[in-house]
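These notes concern the structure reproduced below.
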Amino acid sequence: MLAVIGAGTAGVQAASAVASYDEWSAAPPSGGLVLELPGRTQHGDQLALPADTLAELAPGDVRTVTLRVTNSSHDAQAVAPDHRWVVDGVDGDPGFVEPPRVDVAGLPHVLAPGASALVTVTVATPPQWAADNRGRAAQLVVRFVGTHV
């Protein structure tokens, strides 16, 4: 009987986590932002980094990705970065015992209409990163929230 209750609770927690990811990813995009990686353009406010970017992370690794954020609206926008780890569609599950550090640099606080910025996303693991992280993987979704100013 306890196993059935435990499985039911886990199912409810998993459904809740999937719902929270769906709500976050289905949120209306910030108006007028265009995100570009080489060979890929995304109209909206979020972009999943290519899977090979984070493949086989090891202790002391530093990986960087440069993308362009463009304000295609007619108004200036204050833009703030955010990120989420996603594993099998579940938001907030870093897939790691200790998630790598994520930094976003190069984004001005305000983008004028038509302006763009080259943004560097850096993913770094500490030199003593836990051995339990070996073989684990997750997708990093970077989001840029724009607010008209």
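Conditions (1) surrounded by fewer than 17 Cβ atoms within 10 Å (Cβ to Cβ); (2) of a type in the set (A, V, I, L, M, F, W, C); (3) in contact (Cβ under 8 Å) with a residue 40 or more places away in the chain, marked per residue:
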site	(1), (2), (3)
Pro59	yes, no, yes
Val69	no, yes, yes
His74	yes, no, yes
Gln77	no, no, yes
Phe96	no, yes, yes
Ala138	no, yes, yes
Item to check | Val142 vs. criteria within 16 Å of the chain's Cα centre (by Cα), buried (at least 18 other Cβ atoms within 10 Å of the Cβ) and under 26 Å from Asp75 (Cβ atoms) | outcome: yes
Checklist entry - Can Asp132 be described as under 12 Å from the mean Cα position of the chain (by Cα) and surrounded by fewer than 17 Cβ atoms within 10 Å (Cβ to Cβ)? => result no
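So which residues in segment 35-57 are more than 15 Å from the chain's Cα centre (by Cα), within 22 Å of Ala131 (Cβ to Cβ) and touching a residue at least 12 places away in the same chain (Cβ under 8 Å), if there are any at all? Write out each step before concluding.
Residues of segment 35-57 that are more than 15 Å from the chain's Cα centre (by Cα), as a first pass: 38-41, 43, 55-57.
Imposing the further condition that a residue be within 22 Å of Ala131 (Cβ to Cβ) reduces the set to 55-57.
Within segment 35-57, Ala55, Leu57 qualify.
Conditions tested, residue by residue: (1) at pLDDT below 95; (2) over 15 Å from Thr53 (Cα atoms); (3) outside any loop (DSSP other than H, G, I, E, B).
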| site | (1), (2), (3) |
| --- | --- |
| Phe96 | yes, yes, no |
| Val121 | no, no, yes |
| Trp129 | yes, yes, no |
| Val141 | yes, no, yes |
Next on the checklist: So for segment 63-80 (the condition being in contact with a helix residue (DSSP H, G or I) (Cβ under 7 Å, 6 or more places away or on another chain) and under 13 Å from Val141 (Cβ atoms)), does at least one residue qualify?
Outcome noted: yes
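Which count do you get for residues in segment 90-116 that are charged (D, E, K, R) and under 16 Å from Ala80 (Cβ atoms)? Let's see the steps before the verdict.
Taking segment 90-116 first, the residues charged (D, E, K, R) are 91, 93, 98, 101, 103.
Narrowing the set further to residues that are under 16 Å from Ala80 (Cβ atoms) leaves 103.
Here the count works out to 1.
The values are calculated or read from the model by the stated rules, or taken from the named source; none is laboratory data. Computed from a predicted model, the values in this text were never measured in an experiment. Neighbour counts run over all protein chains shown; Cβ positions are idealised from the backbone, glycine included.
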